[in-house]
Each structure stands twice: as C-alpha cells, then as structure tokens.
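The values are calculated or read from the model by the stated rules, or taken from the named source; none is laboratory data. If you're wondering where the values come from, they're calculated on a predicted model, not measured in any experiment. Cβ atoms come from the backbone with ideal geometry, glycine included; neighbour counts cover every protein chain shown. Surface accessibility is based on the protein's heavy atoms, side chains included, excluding ligands, DNA and RNA. Shrake-Rupley method; radii C 1.70, N 1.55, O 1.52, S 1.80 Å.
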Amino acid sequence: MSKRNATAAVIGAGDYIGAEIAKKFASEGFTVFAGRRNGDKLAPLVREIEAAGGEIHARSLDARKEEEIISFLNDADKHAPLQLCIFNVGANVNFPILETTERVFRKVWEMACYSGFLAGREAARLMLPRGGGNIFFTGATASLRGGSGYAAFASAKFGLRAVAQAMARELGPKNIHVAHLIIDSGVDTAWVRERREQLWGKEALDNPDLLMSPASVAESYWQLYQQPKSAWTFEMEIRPFGEKW
C-alpha cells in the first residue's frame, strides 16, 4: 500500500464499526490513531492492521475529558498532519422514562454529544491553519426520531447532529468537510444480535439483509472522504436494502 503523509483519528474505535473504519483507512495508506475507553481491547486491531502492512497507534481514551482529547489529537497531528477525524462513540441505551435516572441521562449526553463537540472543536483547531480537513460524526436513527425508551440517547444524538450541522456551516467555507452519517439500521454486532434474539426470538436473525455490516459503514465513510469539494454531502443516511423505513 502507498503511505500517505497524513493521519486519521478514530475516536470510539470499538470492536465493530470503529475497528472497520480504522482498518479501511489504514489500508488506504493513512496512519491511524485509534482511541477507546479501554485501550487494551485494541490489541487485536493493532495486530491485524500491522500484519496487513498498515500503521496504527492505539491507546486508552476517555472522550469526555477535554485534556485527553486534546492530547490524543495533538499527538496524531504531530506524527503527520491530521487529515481526518471520525467521532464514533456509541452510548446506545434504552430505559423507560421513569427509569431514566439523572446520572444515565447526563452520562449518555456526555458520551454521545459533549465528547463529540470536544473532538470536533479540537480537530478543527488543528485543521484550520492548514486550510483543510475532514471531520465526520456517526449518527443513528435516534438522531432524527425519539423512540420509546430512548429519551437519553435520542436527545444526545439530536444534539450531536446540531453540533455537526453548525460546524459544517461554519467550517465548510474554510475547506473543512464536516459530515454526519446516519446509520438507520441495526449493525451486525454481538450485542445487536443478542438483543434481537431476546426481543423477537432466534428467527429474527434469519435474514442477514436486515443488519448492516460494520465494513459497509467504513466504506460509506471512505465515500464521504473521497467527495470533491464541489459536491460535499453534509448528511448521508445508510440502511440495508431489506430495512423498512
């Protein structure tokens, strides 16, 4: 693979979507900086990317802490110019409204909205002096619709969408592409499969066309990255062809 003199930062490099994003951009020649709450869990991803000839720097990162976000992105930028930052922190929880505690509501907002603001702001701080870059945010169905049991999650995702939209309007004219990717589907992860089986039985897993593969999400981010600046997308919705919407 040809090496680029650029880094891609993945904040929220979990086992599924985040890992696939890291692998995709590493395979395209980026040096990847990957962060997640428990950095030890990144060891398999590091081995896979390095075995394929890619370069990755992985570490623990609490995206809710301003000083950790600043340090993480500054280190990425010092290694090579930060060309891409993808915010992919999850925080998808479901509680009936009367069981949604103050702590749950605040924590979900911190993880899914506040930390996204920190990541976007600090990425922009590094990109603006160079006159270009890409900042992408992972959204969900809950970014547009508050479902039963999702008061905490939907409000945080609505907020993240607003942060992204405000940033896109401010930074787009300065040659920084800000995009919000809405995943309107269950993603094929162990947690989603377990939850679907609990709700609807084993037959709910029979149709593979109703779950999105994490690699497909990574491919969508690659498509966003490749867009010419004369035709940038702010918001892209993706769902499997078998999904009802």
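The residues on offer are Val163, Val192, Val178, and the sole one that is at pLDDT 95 or above, within 21 Å of Ile21 (Cβ to Cβ) and open to solvent by 20 Å² or more (accessible area, probe 1.4 Å) is Val163. Can you pull out every residue in the stretch 14-33 that is over 19 Å from Leu181 (Cα atoms) and open to solvent by 40 Å² or more (accessible area, probe 1.4 Å)? Correct list: Ser27, Glu28.
Reported count of residues in the stretch 1-39, each being under 24 Å from Asp188 (Cβ atoms), not hydrophobic (A, V, I, L, M, F, W, C) and not in a strand (DSSP E or B), is 12.
For Ile86, only one of the following conditions fails: (1) surrounded by 24 or more Cβ atoms within 10 Å (Cβ to Cβ); (2) without any contact (Cβ under 8 Å) to a residue 60 or more places away in the chain; (3) β-branched (Val, Ile, Thr). What is its number? It fails just one condition, (2).
When Phe234, Phe241 are checked against the criterion of being surrounded by 10 or more Cβ atoms within 10 Å (Cβ to Cβ) and either at pLDDT 70 or above or of a type in the set (S, T, N, Q) (or both), Phe234 stands alone in meeting it. For the stretch 65-83, the set of residues classified as open to solvent by 60 Å² or more (accessible area, probe 1.4 Å) and part of a loop (DSSP other than H, G, I, E, B) consists of Lys65 only. Take the stretch 1-23 and flag every residue that is more than 18 Å from Val89 (Cβ to Cβ), in contact (Cβ under 8 Å) with a residue 60 or more places away in the chain and not polar (S, T, N, Q). Answer for the stretch 1-23, where residues must be more than 18 Å from Val89 (Cβ to Cβ), in contact (Cβ under 8 Å) with a residue 60 or more places away in the chain and not polar (S, T, N, Q): Arg4, Ala6, Lys23.
The residue that is surrounded by the most Cβ atoms within 10 Å (Cβ to Cβ), among those in the stretch 122-140 that are touching a residue at least 40 places away in the same chain (Cβ under 8 Å) and more than 19 Å from Leu224 (Cα to Cα), is Glu122. Against the numbered list (1) closer than 17 Å to Tyr221 by Cβ; (2) part of a strand (DSSP E or B), His57 comes up short only at (1).
When the residues of the stretch 33-83 are filtered to those that are polar (S, T, N, Q) and free of Cβ contacts under 8 Å to residues at least 24 places away in the same chain, which remaining residue is farthest from Gly132 (Cα to Cα)? Looking at the filtered set, the residue picked out is Asn38.
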